[in-house]
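Colleague: One structure, as structure tokens, below. Some questions next.
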Amino acid sequence: MDTLTIGERIRHRRLLRGWSVRHAASRAGISHATWSRIERGRQAADNRFVLADIATALECSTVELAGMFVPSGDRNALAAHAGVHAIHQALIETDLNEPADRPALTVQELTRTLDLVETLRRACDYAGAARVLPDLLRDLHALAEDPAQRQVALRMLCHATFLASGAVRNLGHPAEAWLAAERCREAAAATEDPVLIGYAGYARANAALAADAFQRGLAIAGRAVDEMQPHLGLPGALETVGTLQLVSAYASRGLKRVEDSRGWTAEAAGLAARTGESPALGLTFGPTNVDIWRIGIEVDGGEPDTAAGIAATTNPAVLPFGCRQVFYYADAGRALAAMKGRDREAIRYLLTAERVAPQHVHTSSTAQETVRSLLERSRREAGGAELRGLCERMHIAV
């Protein structure tokens, strides 16, 4: 199965069930023609909502269909995936109800390490973060046992587990992302800080979405928004609520609630107009990030023209962080690839995404599928050398 395309995996699982294309497509709520094109590789399986519908119909996860894509030529991407197990082990051991197994380091030492992980996260350097996070998590657990340092340690642990959840989620490990988000919730609850509790709610909702649990993600995010209403005057509260609203918008679109989704994004945009481009809690919340979320929501919602229109009026350079710019370029590239006659633009956007955050693009199943689809079309329409070079770097057969 590791060598199969997403379409081939879908066909394999359908045949194991003994189902016809029509029956399987009816279970997914899509046309049998669309299902057939995806199976045959004639349509890219790079729409997260459609892939989630197919996975539900086949009674499996999208991770099982998309596979764990690690290009053999990218040593950093390989190292990032190899580091996930160590993060998982550290998360299991970082239990606030159990004693730590090491002496505590100083707050100053751990602050420097946490700042380093944040820097690596912003650059989408998952391999670097994976090397540092396991010891950092254990060391913060140890520091939290010192009554004099407990509050500062818990706040730092909340941030570190949040970063761990995002890193493993982006590498395609939803179970580990959920465990990290749960550890984030535990640390936040121990601080009794309503903003950090909402921040942890964002981590949990995002982890739920990574597992295609759209209803659960919406419930977590919506409840967190409600619980934060009495605390909107606290630093970082508006940014946290706005980010939770964006998660709610994405989850609603996954549930086919288009108007609800656009209502959530409108509320987030209203808050962004008040906060401006804010650095609070590392959420990069503001008008630009709202638009980047909107691009992803619209392209996955089957509206690539709308997504491309938003991209045309959005300047990703406003956010000088690879962790946000890569989503702009990759999702805009997916939107353009889904539009007739826009392949060259799509390739340029995907190449820029790769330049901004190579580890992210090289391990993204949706990016892989978009590039594979562009390659198939280029074989028929004489695509350029740049696309073939990208395919070789992503280990897609040319």
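The values are calculated or read from the model by the stated rules, or taken from the named source; none is laboratory data. On a predicted model such as this, the values are computed, not experimentally measured, just so you know. Cβ atoms come from the backbone with ideal geometry, glycine included; neighbour counts cover every protein chain shown. Ligands, DNA and RNA are excluded from the accessible area calculation, which covers all protein heavy atoms including side chains. Shrake-Rupley method; radii C 1.70, N 1.55, O 1.52, S 1.80 Å.
Colleague: Just want the answer: with Cβ charges of +1 for Lys and Arg and -1 for Asp and Glu, which residue in 166, 50, 34 is farthest toward the dipole's positive end in the chain?
Modeller: The residue sitting most towards the positive pole is 34.
Colleague: Pick from 40, 204, 102: which is most flexible by mean-square fluctuation in a GNM of the chain where alpha carbon atoms under 10 Å apart are linked?
Modeller: Comparing 40, 204, 102 in a Gaussian network model of the chain, the most mobile one is 102.
Colleague: Under a 10 Å cutoff between Cα atoms, tell me which one of 173, 81, 231 has the largest fluctuation in the Gaussian network model of the chain.
Modeller: Of the options given, 231 has the highest mean-square fluctuation.
Colleague: Quick one: helix 107-122 against the long Cα principal axis of the chain, what's the angle to the nearest 10°, folded into 0 to 90?
Modeller: So the inclination is approximately 10 degrees.
Colleague: Right, another one. First select every other residue whose beta carbon is under 14 angstrom from the beta carbon of residue 195; then total the charges, Lys and Arg +1, Asp and Glu -1.
Modeller: -2
Colleague: Considering only protein heavy atoms and a probe of 1.4 Å, how much of the accessible area of the chain is carbon and sulfur, as a whole percent?
Modeller: Exposed carbon and sulfur together represent 51 percent of the surface.
Colleague: Moving on to the next point. Taking the Cα centroid of the range 226-246 and of the range 129-175, what is the distance between the two, rounded to the nearest whole Å?
Modeller: Comparing the Cα centres of the range 226-246 and the range 129-175, I get a distance of 22 Å.
Colleague: Pull out a ≥ b ≥ c, the square roots of the eigenvalues of the alpha-carbon gyration tensor of the range 312-380, then state rounded if a/c is under 1.5, prolate if not and a/b is larger than b/c, and oblate in the remaining case.
Modeller: oblate
Colleague: Something else now. Taking the Cα centre as origin and putting +1 on Lys and Arg beta-carbons and -1 on Asp and Glu beta-carbons, what dipole magnitude results for the chain, to the nearest 20 debye?
Modeller: 1620 debye
Colleague: Moving to a separate point now. Given the options 337, 268, 28, which has the most mean-square fluctuation in a GNM of the chain, springs set between C-alpha atoms less than 10 angstrom apart?
Modeller: 28
Colleague: Which of 6, 179, 117 sits farthest toward the positive end of the charge dipole of the chain, with +1 on the Cβ of Lys and Arg and -1 on the Cβ of Asp and Glu?
Modeller: Of 6, 179, 117, it is 6.
Colleague: Return the label of the correct value of volume of the Cα convex hull per residue in Å³, as calculated from the structure shown, out of [x] 152; [y] 247; [z] 132.
Modeller: This structure yields the entry labelled [z].
Colleague: Roughly how tilted is helix 75-93, in degrees to the nearest 10 and between 0 and 90, from the longest Cα axis of the chain?
Modeller: Tilt of helix 75-93: around 40 degrees.
Colleague: What accessible area per residue comes out for the range 225-319, rounded to a whole number of Å², with a 1.4 Å probe?
Modeller: That works out to 39 Å² for each residue.
Colleague: Could you report the range 1-151's accessible area per residue, 1.4 Å probe, as an integer in Å²?
Modeller: Solvent-accessible surface per residue comes out at 50 Å².
Colleague: Provide the gained length on full extension for the span residue 76 to residue 229, in nm with one decimal, where the gain is 0.36 nm per separating residue minus the Cα-Cα distance.
Modeller: Working it through step by step, the gained length comes to 50.9 nm.
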